[in-house]
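All of the numbers you see were taken from the coordinates with simple rules; none came from a lab. What you see is a predicted model; the values in this text were computed from it and never measured. When we count neighbours, we look across all protein chains shown, and the Cβ atoms used for this are built from the backbone with ideal geometry, even at glycine.
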Amino acid sequence: MVPAYSSDGEMQSAQFIPPPGAGKKVNLPGAIAGATFTVGPADGTAYLCEGIGAAWAVWQATGFRAVVCFGWGNVRRVAMSMR
């Protein structure tokens with residue numbers, strides 16, 4: 001389960017990711033647009049990532065913050081919000 005937070009820090013939804021081959025990702029009711037989840041430090045350099053897998057890999061490889069955007073279509077909205 002990956003919580004999806006709004007820009008003011010409130011949980012607005014969550015994404016459930018099953019094991020490989022066990023089904024599709026499912027989001028709780030609630031808007032996912034603009035939602036984020038951060039892996040790593042809370043400040044400093046940030047990498048925007050489509051999903052939790054990429055974010056985890058970026059954080060492990062760089063040590064910098066990686067922000068889950070919950071889909072490529074949401075990256076621009078998250079970038080504008082963070083800017």
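For region 58-80, residues that are in a helix (DSSP H, G or I) and surrounded by 13 or more Cβ atoms within 10 Å (Cβ to Cβ) total 7.
Counting only strands (runs of 3 or more DSSP E) that fall entirely inside region 1-46 and contain at least 2 residues that are surrounded by 11 or more Cβ atoms within 10 Å (Cβ to Cβ) and β-branched (Val, Ile, Thr), the qualifying elements are 37-39. Residue count for region 40-83, restricted to those that are of a type in the set (A, V, I, L, M) and closer than 16 Å to Gly9 by Cβ: 6.
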